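Notes to accompany the following structure.
Each reported figure results from applying straightforward, stated rules to the coordinates on display, with no laboratory input. Keep in mind the model is a prediction, meaning the values are calculated, not measured. Note: ideal-geometry Cβ built from the backbone for every residue, glycine included; neighbour counts use all protein chains shown.
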Amino acid sequence: MPDALSQNAIDALGVAVDSLLPDAPPAGLSRTRALDVRHVRPLGLGGYVGHHVAPEGALFGRRLNARLNLSINGGSEADARAHVHNLASHLLSLSRSELHAAGIHRMARADSSDARAILFDIDFEFIRPPATSEGVITDLILDIAPDG
């Protein structure tokens with residue numbers, strides 16, 4: 001049975017990458033995004049990374065290593081190469097804080113033999129806050145009367 005938290009992390013990586021990409025390619029071109037998740041592992045101790053205050057509950061997370069493949073379809077070869085160059089410039093010029101806000105801790109360009117594609121290796125962290133309070137016991141009141 002698949003790990004639901006890992007699946008949530010994979011879905012969140014797609015959303016994070018999409019949020020960092022420019023809105024749309026130029027007219028006559030289309031862009032295809034493919035994510036190849038290569039490794040998923042728990043964060044912290046068995047996935048536990050800490051305690052969330054509101055709503056109260058445990059925080060669990062996953063770390064993903066993935067390869068992002070952005071390919072450009074349609075248009076002339078020159079337009080496609082120019083768009084690949086613009087995409088690379090855009091993604092590589094993002095600030096560290098913009099990447100961290102999206103959960104991405106490393107984004108490095110990888111070699112591609114296709115002039116209409118660009119590849120990036122990505123390290124991504126996903127931490128899911130609790131949706132509802134887990135009713136964590138914070139105080140334990142012992143109302144015990146001594147014998148005798």
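When the residues of the stretch 1-26 are filtered to those that are part of a loop (DSSP other than H, G, I, E, B), under 24 Å from SER112 (Cα atoms) and free of Cβ contacts under 8 Å to residues at least 12 places away in the same chain, the one that is farthest from the chain's Cα centre (by Cα) is ALA24. Considering only residues that are of a type outside the set (A, V, I, L, M) and surrounded by 16 or more Cβ atoms within 10 Å (Cβ to Cβ), which ones fall in the stretch 59-98? Residues satisfying the conditions are PHE60, GLY61, ARG62, ARG63, ASN69, SER71, GLY75, ASP79, HIS83. Just one of the listed residues (ASN73, ASN65) is of a type in the set (S, T, N, Q), touching a residue at least 40 places away in the same chain (Cβ under 8 Å) and within 23 Å of ILE10 (Cα to Cα), and it is ASN65. Cβ contacts < 6 Å: first residue without any contact (Cβ under 8 Å) to a residue 40 or more places away in the chain, restricted to the stretch 76-97; second residue outside any loop (DSSP other than H, G, I, E, B) and not hydroxyl-bearing (Ser, Thr, Tyr), any location; separation 6+ or different chain. Result? Close Cβ pairs satisfying both conditions: VAL84/ILE72; VAL84/ILE118; ALA88/ILE118.
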